[in-house]
Amino acid sequence: MGKQVTTKEFQAPVANDSLNRAVGVEQHLSPVLHDLIALAINTKQAHWHVRGANFMGVHEFLDQVVTHAQDAGDEVAERVVALGLPVDGRVGAVAKRTSTPEMSPGFQQSMTTVAEVVAQLDATIATVNAAIEGLDDIDPVSQDIVIAIAQQLDKDRWFLFSHYAE
Ligand SMILES: [Fe+2]
C-alpha cells in the first residue's frame, strides 16, 4: 500500500523546489504579461483610429489581435497564480514595465497603423522569446504556454506585415 498523505501534508506550504520553480516562472512570465496587456490596449487604440486603405479589413483584424493578446495574457497570469504567486496586472505596473513602444495619438492612415502595431508585436515577441529561453531549465509547462503564444503572435505579425511587405 502506498504512503497515506495526511491532511496536514496536503495543506503544507509549497516545498522549496516548487517555490523556486514558481519564482522562476513568475520572473519570466511577468514581463510577458505586461507586454500582452499593453499590446491589447494599444491595438484597441489602433482599431479605433485607423483610416484609409483597407479600412474594414485592418479595423476588424486588429480586434482579433486584441482578443489574442487578452487570451494569452490570461493564460500567462493564471499560470503564475496556479503556482501560488501573484502577478501585477495593474495599469500602473503595465505602463511602467512594458517594453512596447509608444503609439502615435489620434487618427492614422492604415499603413502607419499597421506599422505601429507590427512594432508592438515585435517588442512583445522579443519578450516572449526571452521567456521561452529562460524557462528552458525551469518549467516545461510554462515554456509550452509561451511557445503557443509565440506561434500566434508570429502569425498575427505576418497578417499585418503583409499589408506593406514588397
Ligand atoms: Fe470595435
Checklist entry - Loop-only check: which chymotrypsin sites (Phe, Trp or Tyr not before Pro) in the range 77-166 are DSSP coil with at most 15 other Cβ within 10 angstrom? => result F107, Y164
Item to check | For A22, net neighbour charge (Lys/Arg +1, Asp/Glu -1) across residues whose Cβ lies under 14 Å away | outcome: -2
Item to check | Filtered GluC sites (Glu not before Pro), the range 46-116: DSSP coil and at most 12 other beta carbons within 10 Å | outcome: E102
Next on the checklist: Rg/Rh for the range 35-165 to two decimals, with Rh computed the Kirkwood way over all alpha-carbon pairs.
Outcome noted: 0.99
Checklist entry - Where Lys and Arg each count +1 and Asp and Glu each count -1, what net charge lies around L85 among other residues with Cβ under 15 Å from its Cβ? => result -3
Item to check | Length released on extending from R90 to D17, taking residue separation times 0.36 nm less the Cα-Cα span | outcome: 23.4 nm
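Since every read-out is calculated from the coordinates, none of them should be taken as a lab result. Since the structure is predicted, the reported quantities are computational estimates derived from the model, not experimental observations. FYI the Cβ positions are ideal-geometry reconstructions off the backbone, even for glycines, and counts take in every protein chain you see.
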